[in-house]
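Read the figures in this text as sums done on the coordinates, not as results from a lab. Quick caveat, the model's predicted, so the values are computed rather than measured. Cβ: placed from backbone, ideal geometry, glycine included. Neighbour counts: every protein chain shown.
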Amino acid sequence: MPTAATSEIVWYVTGRFYAPDNSSLVADYGYFLHVTGIAEPLFQGAINETNAYLTFAAQPFVAGSASNDALAIGLDPVGEFSVYLQRTPVGNFDVPSSFAQGERIATFRRIGLVVGTTLKSGTAPKQKPLVGSNVFSARLIESRPFDLGAGRYDFADIVGSGVTQFGFAASAGVQPPPSGYESVVAFTGSAIRLG
């Protein structure tokens, strides 16, 4: 199986950040658009969450914050997220727990504080968000081989010891957010192999 060299792109993902009503917890859920080295299709049809074989789900966490004029800064603690193989895809952005279904095939732990930045325009208090970004590194702490189509794969072979992911978030939340959620924001991410 071909694998990426250190510092090469290993995956592209898309997902959403979820902030529930009446809770300080935040979590993100979504699916993989591409994984280097996997030759099989990652979708059971059209490219969307309902057809994705590979999904991810984070453990909920309490996010901190800071601000600096037009920059809103999110401070996310060390935490874990897992990758799932859904042989029968069931992902649904209105039901975020659906991305944590199927076989857990890998778990990663963020190795330090995650700093996310949202750039705003205008003057306070009427500033509007323009774009959000974040970057984090995560170590692979658990992995097991899995079969997809005619191939056999293992995230330990694909990512080595882990990844550094760079992400961009939408400037505005999903409207209306699903029932039970105060805020839901779409994002995409690109990860490079740590080694």
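Give the long-range amide H neighbours of Ser183: residues separated by 5 or more places, or on another chain, with amide H under 5 Å away, using H modelled in the peptide plane at 1.01 Å from N.
When sequence neighbours closer than 5 places are left aside, the close amide H contacts are Ala19.
When 1/r is averaged over all different Cα pairs and the result inverted, which Kirkwood radius in Å belongs to the range 9-193?
17.0
Can you work out the FRET efficiency for the pair Ala39 and Ile141, with r the C-beta to C-beta distance and R0 = 22 Å, to the nearest 0.05? Spell out each step's value before the answer.
Working: r = 26 Å, r/R0 = 1.19.
With a Förster radius of 22 Å, E is 0.25.
In whole Å and largest first, what semi-axes does the C-alpha gyration tensor of the range 53-108 yield when each eigenvalue is scaled by 5 and square-rooted?
Working: eigenvalues 173, 34, 13 Å².
Value: 29, 13, 8 Å, ordered largest first.
Given R₀ = 22 Å, what would the calculated FRET efficiency be for Ser183 paired with Ala66, taking r from the Cβ atoms and rounding to 0.05? Working shown, then result.
Details: r = 18 Å, r/R0 = 0.82.
My answer for the efficiency is 0.75.
Of Ser179, Thr50, Val163, whose Cα points farthest to the positive end of the dipole of the chain (charges on the beta-carbon: +1 Lys, Arg; -1 Asp, Glu; origin at the Cα centre)?
Of the candidates, Val163 comes out farthest on the positive side.
Suppose every K and R has +1 on its Cβ and every D and E has -1 on its Cβ; what is the size of the dipole of the chain about the Cα centre, in Debye to the nearest 20?
Value, rounded to 20: 280 debye.
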